[in-house]
Amino acid sequence: MSVVAAAPAESAEPPVASPTGRGGASWRPHLLVAGLALALAGWVTNGLWQDPAGHVIAKNAGDQAFFEWLLGYGVYLLGHGADPFFTDLMNAPVGVNLAANTSITVFIVLFAPLTLLAGPQISFATILTLNLAAAAFTWYLFLHRHLVRPPAAAALGGLFCGFAPGFISHANGHLNWTAGWVAPLVLWWVLKLPEPRRWLRHGIILGVLVAVGFSIAAEGLFFTALATAVFLVTRSVLPGCRAAARAALPTVLAGLGVTAVVAGALLAYPLYMHFAGPQTFSGTGFNQAHYAEDIGAYLEYPTRSLAGWLGLGSDLAPNPTEETSYFGLPLMALTVVCIATLRRHARPGRFETLMALYAVGAVFLLLSLGPQLKVFKDTTGIKLPYAALMHLPLFDSALPGRFALVVACVIGILLALTADRLLTEPMPSVGEHTLWAAAFAVALVPLFPLPVLTGVRAPEPAFIADGIWKQYVSDGGVLTALPFATTDTADGQRWQAYTMARGGRQFRIPDGYFLGPGGPEGVGQIGATPRQTDWKFLRAALYGEVVPIGDYDREQTRADLAYWNVQAVFLPPQVTGSQGPVFRAALEITATDLFGEPEHVGGVLLWRIRPGIDPVARGN
């Protein structure tokens, strides 16, 4: 393997040669794998493609709405020259620090033309599909170039890395975590750093890749950097690699210095905004102990798999989007056998690579378990290393269960290495090949992914689609749908995304789904801190709660509307929440009690707000 700490010349493992065929023959395996990866990605996302405007990811509608909002903001960004890392279009009047959120800046800019032409719904489905396909194909190319000779072995490992249970789980709305192609691209150029006299070129390219990776999936880039460090340090300290590591160190450090300069220049402003900009925060809005992997989950099957379809899925994850391990007992047993077999048959030079790879898998498996060991839903009193790391910078913003995604990639590499051995080295008997083939089938077939579940979203009302809202709200004025936009009631954020994607005038909204300051002990929280008015409408929407409205309530609402500077409030004919339709009747009763009788405009109920007057006191 071509790595920074290469083994000495007499025992080094050479880079795997590319196919020697000329013309189309050398590209046929690549085209076949690319087509298969794209077909699988289309299969996983086909529920969205059936009706992009009407379907929504059932298990994580809030995140889909947030990413669609970002895609719409990309059009607004280019059309209005706005700040890519801060906006007051959401969470008016204080705004949102997008650098401290998952801003996917590269995606929103590159796909802005598609978003303008077809809408953020199409861009979302396109990026999600291409992410999954590109991850599998890039891992295939990486493995074929650096580790294995037969395309079939590289394809097996690449497809597993791209469509492992954890990444299928994150296909429930996460455009950042499904971008699994970032890791092999970064690794590819890290492994080029020791090449003599090319440190400047490789350092520049790696710096650009780091900047791109940060803008799409900062947490994933952190995992990639940490895994790379564990791998290289482990391999470099092994006896067979020490001399080569010392010899390569000056070139590598020079390349990394260039990488730091290039990435630092490209990321200077977003990093400043992330750590010191307005509306920034420390930590995360999520409970790290809750979002940690249960060790039993490694032996269970994911819900969106063939095994899950047969009733063997598990519920050990915090939610369906965080089933980050779920490899099943057969695959975990096969992984152990692969580890032992590869170690026993390791050639000189390959031994160090394997030991470093095993170290990465062990470290990340341990980190994924979080601060305290959980065994089949029972939290034990056993403290784990993450308890000492969880308050450190970078670790404090990570969710430990997601470290299992690196374990998935390690398993994919082990599968590729094992397949390479089976396909290139003579076996004692045909029966051994048959036994291995059966083991692979038993371990992998039950994990075949099923499409992500989709549900129906509320249709866009004509009030928004036809631009009727412009007659009631000034350019940059504040307009809100009922209920106010949150992760559980995302329609209002979605309507704003659609208007941004069309260009032209734009309104702002209070609240929204994002991460911002305001959590306990100064850490982040999900969304804005609710005020009396938005909390009243949220309770009505989610629980059907209708409470008597008095003048005190109207006075509170008048103050809240003045704080947000709301000019109009509207209620669409259909409203959907994260779990389906909400209690629209309760919303209408509450709004009518507060604001009086509505106007019927563009298919919605509309209440115009006169600053300092509405809602009008009624003396009751």
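The values are calculated or read from the model by the stated rules, or taken from the named source; none is laboratory data. All values reported here derive from a predicted model rather than from experimental measurement. Every residue, glycine among them, receives a Cβ derived from its backbone with ideal geometry; neighbour counts consider all protein chains shown. For accessibility, only protein heavy atoms count, side chains too; no ligands or nucleic acids. Shrake-Rupley method; radii C 1.70, N 1.55, O 1.52, S 1.80 Å.
In this structure the amide hydrogen of Gln372, modeled in the peptide plane, comes within under 5 Å of the amide hydrogens of Leu384, none closer than 5 places in sequence on its chain. Toward the positive end of the charge dipole of the stretch 305-410, with +1 on the Cβ of Lys and Arg and -1 on the Cβ of Asp and Glu, the farthest Cα among His391, Ala408, Ala317 is that of Ala408. Under a model in which nothing but the beta-carbon of Lys, Arg (+1) and Asp, Glu (-1) is charged, the chain shows a dipole of about 2000 debye around its Cα centre.
Give the value in nm², to one decimal: projected area of the alpha carbon convex hull of the stretch 391-475, averaged over all directions.
Here the figure is 13.4 nm², rounded to one decimal.
Evaluating 6.51 cos²θ - 1.76 cosθ + 1.60 at θ = phi - 60° for every residue in the stretch 28-39, the Karplus couplings come out as 4, x, 5, 5, 5, 5, 4, x, 5, 5, 5, 5 Hz, glycine and proline recorded as x. Dividing the alpha-carbon radius of gyration of the stretch 222-297 by the rule-of-thumb value 2.2 N^0.38 Å gives 1.61. Probing with 1.4 Å while keeping every protein chain in the model, the per residue accessible area of the stretch 536-598 equals 44 Å². Principal-axis analysis of the Cα atoms of the chain puts helix 242-276 at an angle of about 0° to the longest axis. Divide the volume of the convex hull around the Cα atoms of the stretch 278-348 by the residue count and you get 167 Å³ per residue. If I compute solvent accessible area with a 1.4 Å probe over the protein chains, what percent of it on the chain is carbon and sulfur? Roughly 65 percent, rounded to a whole number. Counting only DSSP H runs of at least 4 residues, each contributing -39500 (n - 2.57), and dividing by the residue count of the chain, the helix-based mean residue ellipticity at 222 nm comes to -16500 deg cm²/dmol. The residues of the stretch 87-186 expose, per residue, 22 Å² of accessible area to a 1.4 Å probe. A 1.4 Å probe run over the stretch 209-330, with the rest of the protein chains in place, finds 42 Å² accessible per residue.
Around Leu369, under 10 Å between beta carbons, what's the net of Lys plus Arg minus Asp minus Glu among the other residues? My count for the surroundings of Leu369 gives -1. At q = 0.16, 0.17 Å⁻¹, what base-10 log of I(q)/I(0) does the Debye formula yield for the stretch 286-400 when every alpha carbon is treated as an equal point scatterer in vacuo? Results for the stretch 286-400 at q = 0.16, 0.17 Å⁻¹ read -0.85, -0.92.
Set the Cα radius of gyration of the stretch 370-439 against 2.2 N^0.38 Å, with N its number of residues, and you get 1.75. Rg ratio for the stretch 424-524: its Cα radius of gyration over 2.2 N^0.38 Å, N being its residue count, equals 2.06. Sorted from longest to shortest, the spans of the Cα atoms of the stretch 104-200 along the three principal axes equal 46, 34, 19 Å.
Annotation: average projected area of the chain is 29.7 square nanometres, based on the convex hull of Cα atoms across all directions.
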